[in-house]
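Working notes, beginning with the structure itself.
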Amino acid sequence: MTKQGHITLVTGGARSGKSDLAERLTARHGLPRIYIATTEARDGEMADRIALHRRARGDGWATVEEPLALADALRRTDGQGARLVDCLTLWLSNCMGDADIEGLTSTLRRMQSPVVLVTNELGQGIVPDNALARDFRDRHGWMNQAVARIADEVWMSVSGMPLRLKPVKDDPDESL
C-alpha cells in the first residue's frame, strides 16, 4: 500500500490509542520502520512513559531521538523506511511554541518515504485560564490544521477506536 511520500496525521486525546494506531498505520507500508521521538526524559515519570512506549512497540524499530530539529531528522531518514513521528505536540512544546511549522510542512511535501505523525487534540477542552496556555493551544491548533491540510490521510483515535477523517467522501464546500 506504500505510496511515495505518503503523509498520515493521527490525532486524539491523552490515552486515546493514537500511538498504537500510528504504529499500525506505519507498519502497513511494509518498509523498515523508523520511530522519530520528540520526547526527552526530563523526569522519572517521563522516563517510565518512554519505556512503556518502547515495550509496546516491540522490536523492529530504529529509533531517532530529535526533540527540536524535526525537519532535519525527517530529511536525514528519508529513503530509509516509513517514519513515525511521536509527537508533534511535544515538539511544539520543546520549541517553546516557536516551532517552524511552515518549514515542517515544506519538508513533509518533499518526502520520498511515508511519514506518520502523531499529535494531540487540545482544542476540545476548556479555555485555559492564562495567556501562555491559550497561546500554546492556539499555535498547536494552527499546526495541526497546517499538517492536516497537506496530509494524504488524517485519523483520530477515540477510546481506542480509529476514525478516518481524510480523505472524506463528502465535500463540505459542495453545493447541496
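Take the range 65-102 and flag every residue that is in contact (Cβ under 8 Å) with a residue 12 or more places away in the chain, more than 17 Å from His29 (Cβ to Cβ) and not in a helix (DSSP H, G or I).
Selection gives Glu65, Glu66, Pro67, Leu68, Cys87, Cys95, Gly97, Ala99, Asp100.
Looking only at the range 99-114, decide whether some residue is surrounded by fewer than 16 Cβ atoms within 10 Å (Cβ to Cβ) and more than 23 Å from Arg75 (Cα to Cα).
No; the residues of the range 99-114 include none that is surrounded by fewer than 16 Cβ atoms within 10 Å (Cβ to Cβ) and more than 23 Å from Arg75 (Cα to Cα).
Under the condition of being closer than 20 Å to Glu121 by Cβ and surrounded by fewer than 21 Cβ atoms within 10 Å (Cβ to Cβ), which residue from the range 1-18 is modelled with the highest pLDDT?
Ile7
For the range 26-56, which residues satisfy the criterion of being more than 12 Å from the chain's Cα centre (by Cα) and either acidic (Asp, Glu) or closer than 11 Å to Leu117 by Cα (or both)?
Within the range 26-56, Glu40, Asp43, Glu45, Asp48 meet the criteria.
Confirm whether Gly79 is surrounded by fewer than 16 Cβ atoms within 10 Å (Cβ to Cβ), at pLDDT 95 or above and either under 12 Å from the mean Cα position of the chain (by Cα) or over 20 Å from Phe136 (Cα atoms) (or both).
yes
Within the range 39-58, is even one residue surrounded by fewer than 20 Cβ atoms within 10 Å (Cβ to Cβ), in contact with a strand residue (DSSP E or B) (Cβ under 9 Å, 6 or more places away or on another chain) and more than 21 Å from Gly12 (Cβ to Cβ)?
There is at least one residue in the range 39-58 that is surrounded by fewer than 20 Cβ atoms within 10 Å (Cβ to Cβ), in contact with a strand residue (DSSP E or B) (Cβ under 9 Å, 6 or more places away or on another chain) and more than 21 Å from Gly12 (Cβ to Cβ).
When only residues in the range 120-148 that are free of Cβ contacts under 8 Å to residues at least 40 places away in the same chain and among the basic types (Lys, Arg) count, which is surrounded by the fewest Cβ atoms within 10 Å (Cβ to Cβ)?
The residue in question is Arg134.
Under 8 Å between Cβ atoms, at least 6 apart or on separate chains: pull out the pairs that start in the range 35-46 with a residue that is free of Cβ contacts under 8 Å to residues at least 40 places away in the same chain and end on any residue that is exposed (fewer than 13 other Cβ atoms within 10 Å of the Cβ) and among the basic types (Lys, Arg).
none
The values are calculated or read from the model by the stated rules, or taken from the named source; none is laboratory data. If you're wondering where the values come from, they're calculated on a predicted model, not measured in any experiment. Positions of Cβ are backbone-derived with ideal geometry, glycine not excepted, and every protein chain shown enters the neighbour counts.
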